[in-house]
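S.K.: Structure incoming, see below.
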Amino acid sequence: MTTSQQTALVTGANKGIGFETARQLARQGFTVWIGARDQARGEAAEKELSDAGDVRFVSLDVTDDDSVAAAARRIEQEIGLDVLVNNAGVAFAEVDGRPSTVPLDVLQRTFDVNVHGALRVTQAFLPLVRRSPAGRIVNVSSTLGSTGTVVHPANPFGQVPSFAYPASKAALNALTGWLAVELRDTAVKVNSVCPGFNATDMNDGPGTVGAQHPAEGAKVVVHAATLPADGPTGSFLDVNGVVPW
Ligand code: NAP
């Protein structure tokens, strides 16, 4: 069931951009489910965010069918869901590499979370989101997944010596586009966002040189999660507007 209380699930919300997204949505009055694969980290985040509003930890490993199904059952029984944020992500920068050399197992491990994980969660929660009058699905992508950007000779992203992570975000963007097409005649909006360059553990932690605080990165995620009825669907957005696929 869905009540008049707006509800959101953020995957990988125990730290980083997901944590800040959960905080901002809770401050806006959402009941926010903090998806986390580790119970202790999830409960710690729930406690830390309790001042922001109604925040609830739910055990959720995006690579595990049983974990995702159990989370969907629990959220359906307790309150329903309006907003799904597919934020959980991994990057194996130390072993990722250019297309000519990247080990296939690195591609596999990256896709397991960033692509298959997001699709698994989406399939499990879509029946709930469809019942919402204002369903929103946000896929947290990256400009590195914008192939149209990185092929431009002057673009510095093309210098990043990796393929698995960018390819996983390009595939996530494909999910955004194709799901938006499938849901075109419904109230559900599906968008990808790039949160910019953030000082999180995916980079070098709080001291990442040249990076913004993840609270800044979370703003575009929250924007896409709270789009009005006449907002876009099937788009790739960052803080400056539309990003090329
Ligand atoms: P982060 O601090 O490393 O957080 C990643 C989150 O994903 C953690 O909560 C992690 O949980 C979770 N996670 C990983 N595997 C999971 C799994 N199997 N099941 C459930 N949760 C899992 O990274 P971040 O920078 O906040 O990244 C968040 C999203 O933003 C990612 O999709 C990333 O690709 C994207 N992004 C980040 C940047 C950036 O500059 N940081 C730029 C563009 C896009 P654990 O704590 O248990 O590992």
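The values are calculated or read from the model by the stated rules, or taken from the named source; none is laboratory data. Note that the coordinates shown come from a computational prediction; the quantities given were computed from them, not determined experimentally. For neighbour counting, all protein chains shown are included, and Cβ atoms are generated from backbone atoms with ideal geometry for every residue, glycine included.
S.K.: Select from region 188-245 the residues that are touching a helix residue (DSSP H, G or I) at 6+ places or on another chain (Cβ under 9 Å) and among the β-branched types (V, I, T) and list them in ascending order.
M.R.: V188, V190, V193, T200, V221, V222, T226, T233, V239, V243, listed by residue number.
S.K.: Just checking, does region 139-148 include any residue being more than 16 Å from the ligand (Cβ to nearest atom) and outside any helix (DSSP H, G or I)?
M.R.: Among the residues of region 139-148, not one is more than 16 Å from the ligand (Cβ to nearest atom) and outside any helix (DSSP H, G or I), which makes the answer no.
S.K.: Since V160 meets every condition but one in (1) within 13 Å of the ligand (Cβ to nearest atom); (2) modelled with pLDDT of 95 or more; (3) not small (G, A, S), which condition does it not meet?
M.R.: Of (1) within 13 Å of the ligand (Cβ to nearest atom); (2) modelled with pLDDT of 95 or more; (3) not small (G, A, S), only one is false for V160: (2).
S.K.: Ok, one more. Considering only region 207-230, I want to know if a residue exists there that is of a type in the set (S, T, N, Q), in contact (Cβ under 8 Å) with a residue 60 or more places away in the chain, under 21 Å from F92 (Cβ atoms) and within 16 Å of the ligand (Cβ to nearest atom).
M.R.: No, every residue in region 207-230 fails to be of a type in the set (S, T, N, Q), in contact (Cβ under 8 Å) with a residue 60 or more places away in the chain, under 21 Å from F92 (Cβ atoms) and within 16 Å of the ligand (Cβ to nearest atom).
S.K.: Could you please find all residues in region 4-21 being part of a loop (DSSP other than H, G, I, E, B) and more than 16 Å from Q39 (Cα to Cα)?
M.R.: S4, Q5, Q6
S.K.: Pick out the one residue from D61, D66, D54 that is within 30 Å of D105 (Cα to Cα) and surrounded by fewer than 16 Cβ atoms within 10 Å (Cβ to Cβ).
M.R.: On inspection, the qualifying residue turns out to be D66.
S.K.: When you go through (1) within 22 Å of F125 (Cβ to Cβ); (2) outside any strand (DSSP E or B); (3) under 20 Å from the mean Cα position of the chain (by Cα) one by one for D185, which number turns out not to apply?
M.R.: (3)
S.K.: Mind checking which residues of region 4-45 are buried (at least 17 other Cβ atoms within 10 Å of the Cβ), within 13 Å of the ligand (Cβ to nearest atom) and farther than 18 Å from A118 by Cα?
M.R.: E20, R23, G42, A45
S.K.: Please enumerate the residues belonging to region 46-79 that are within 15 Å of the ligand (Cβ to nearest atom), assigned to a helix (DSSP H, G or I) and either out of contact with any strand residue (DSSP E or B) (no Cβ under 8 Å at 6 or more places or on another chain) or on the phi > 0 side of the Ramachandran plot (or both).
M.R.: The answer is E48, D65, D66, V68, A69, A72.
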